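Peer 1: Take this structure, written in structure tokens, and hold onto it; I'll ask about it next.
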Amino acid sequence: MKLGRYRRAAEAAARELQQAGRQAPPQRAYWAAYRTDLLRATDGLAVLRGAARDHDDPLVAEAADRLTDVRLLDILAWTPDREAAPTS
């Protein structure tokens with residue numbers, strides 16, 4: 001995972017936590033930045049579920065209703081990036 005992608009969000013999260021009187025790292029709160037990113041992904045997950053429900057493969061359609069948001073995000077995170085994969 002590239003931490004640079006979350007650097008600004010982690011810095012902002014640390015400031016927000018400190019202003020709220022909560023214990024936070026002095027400079028960056030990466031965990032809070034990741035959490036915020038996941039919470040903001042709900043609209044995209046709803047679109048993904050809708051597309052999966054309409055899929056021709058019945059297993060994909062069933063997965064749309066049975067998998068949790070966390071599991072869907074896990075699958076997406078561990079799916080190889082086909083564009084970055086070397087071509088043969």
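The values are calculated or read from the model by the stated rules, or taken from the named source; none is laboratory data. On a predicted model such as this, the values are computed, not experimentally measured, just so you know. Cβ: placed from backbone, ideal geometry, glycine included. Neighbour counts: every protein chain shown. Heavy atoms of the whole protein, side chains included, go into the accessibility calculation; ligands, DNA and RNA do not. Shrake-Rupley method; radii C 1.70, N 1.55, O 1.52, S 1.80 Å.
Peer 1: Give Ala12, Ala33 a once-over and let me know the one that is at negative phi, at pLDDT 85 or above, touching a Phe, Trp or Tyr at 6+ places or on another chain (Cβ under 6 Å) and not β-branched (Val, Ile, Thr). First the steps, then the outcome.
Peer 2: Working: Ala12 fails: touching a Phe, Trp or Tyr at 6+ places or on another chain (Cβ under 6 Å).
Unique residue meeting the criteria: Ala33.
Peer 1: Next question. Taking the stated definitions as given, is Ala77 open to solvent by less than 70 Å² (accessible area, probe 1.4 Å), at pLDDT below 90 and within 18 Å of the chain's Cα centre (by Cα)?
Peer 2: On the way: open to solvent by less than 70 Å² (accessible area, probe 1.4 Å): no; at pLDDT below 90: yes; within 18 Å of the chain's Cα centre (by Cα): yes.
So Ala77 fails the test.
Peer 1: Name the pairs whose Cβ atoms lie under 8 Å apart, with the first residue in region 41-59 and farther than 19 Å from Ala77 by Cα, the second at pLDDT below 95 and exposed (fewer than 10 other Cβ atoms within 10 Å of the Cβ), and 6 or more positions between them or separate chains?
Peer 2: Note: pairs meeting the criteria are Arg53/Asp65.
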